[in-house]
Amino acid sequence: HLRGGETIVVVDDEELVRNAVARVLSRAGLRVLTAVDAVEALRLVEGHTGAIHLVLSDVVLPLASGLHLEEKLRQLRPGLPVLLMSGHLDHHAVRDALTARACGVLQKPFTAQTLLEAVNAALAPPPS
């Protein structure tokens, strides 16, 4: 369950989406850092001294994809969960490939409720 106070990095090149997601998460008591692309997100994660609990990234980004970002983050901060968002999940193979890599995949467009549920699930400790 969301305890509040967790830090989440939101990565999306669409300003409206990025701001809307950040607003929903902030209202839920989460600390939100935003990035416009993978390069900015990596710089942010590298430079952030505190804990980062989750990265929520669009799959399709300029310069480098969300999958490339997820790969780099795995090297930078092993164990950091990455939740991917995409508007292109109609194809099962695409969804399965993304789910295998990330801790979850969120189909765009999504509601505030769906977003919070996905973030909640991504932040939950893995069942032991």
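The values are calculated or read from the model by the stated rules, or taken from the named source; none is laboratory data. None of these values were measured; they are calculated from a predicted model. Every residue, glycine as well, gets a Cβ built from its backbone with ideal geometry; the counts of neighbours run over all protein chains shown. Note: areas computed on protein heavy atoms with side chains; ligands, DNA, RNA excluded. Shrake-Rupley method; radii C 1.70, N 1.55, O 1.52, S 1.80 Å.
Roughly to the nearest percent, how much of the accessible area of the chain is carbon and sulfur, given a 1.4 Å probe?
Numbers: 3820 of 6910 Å².
Carbon and sulfur together cover 55 percent of it.
Packing here is the average count of other Cβ atoms within 10 Å per residue, and on that basis the peptides 36-48, 57-69, highest first, run 57-69, 36-48. About the centre of its Cα atoms, segment 1-95 shows a dipole size close to 440 debye [charges on the beta carbon of Lys, Arg (+1) and Asp, Glu (-1) only; nearest 20 debye].
Averaged per residue, the chain has 54 square angstrom of accessible surface, using a 1.4 angstrom probe with ligands and nucleic acids left out. Extending 7 Å from the Cα toward the beta-carbon at both ASN120 and LEU76 defines two label points whose distance is 2.9 nm. For segment 26-84, the residue among THR49, THR34, PRO78 whose Cα projects farthest onto the positive side of the dipole built from Cβ charges is THR49. Using θ = phi - 60° in the Karplus curve 6.51 cos²θ - 1.76 cosθ + 1.60, the 3J(HN,Hα) couplings for segment 103-109 round to 7, x, 9, 10, 7, 7, x Hz; x is entered for Gly and Pro.
For the chain, what does the relative contact order come out to in percent, with C-alpha contacts under 8 Å and a separation of six or more? Worked out over the chain, it gives 24 percent.
Shape class for the chain: rounded, because the ratio a/c of the largest to smallest gyration tensor axis (alpha-carbon atoms, square roots of eigenvalues) is under 1.5.
3J(HN,Hα) couplings calculated from phi for segment 3-10 with the Karplus curve 6.51 cos²θ - 1.76 cosθ + 1.60 (θ = phi - 60°) are, in sequence order, 7, x, x, 5, 9, 10, 9, 9 Hz; Gly and Pro show x.
Applying the Karplus relation 6.51 cos²θ - 1.76 cosθ + 1.60 with θ = phi - 60° to segment 55-68 yields 3J(HN,Hα) values of 10, 10, 10, 5, 6, 8, 10, x, 6, 9, 6, x, 5, 4 Hz, where x marks Gly and Pro.
Under 5 Å from the amide H of THR34 lie the amide H atoms of VAL10, each residue being 5 or more positions distant or on a separate chain, with H modelled from the backbone and absent for Pro and chain starts.
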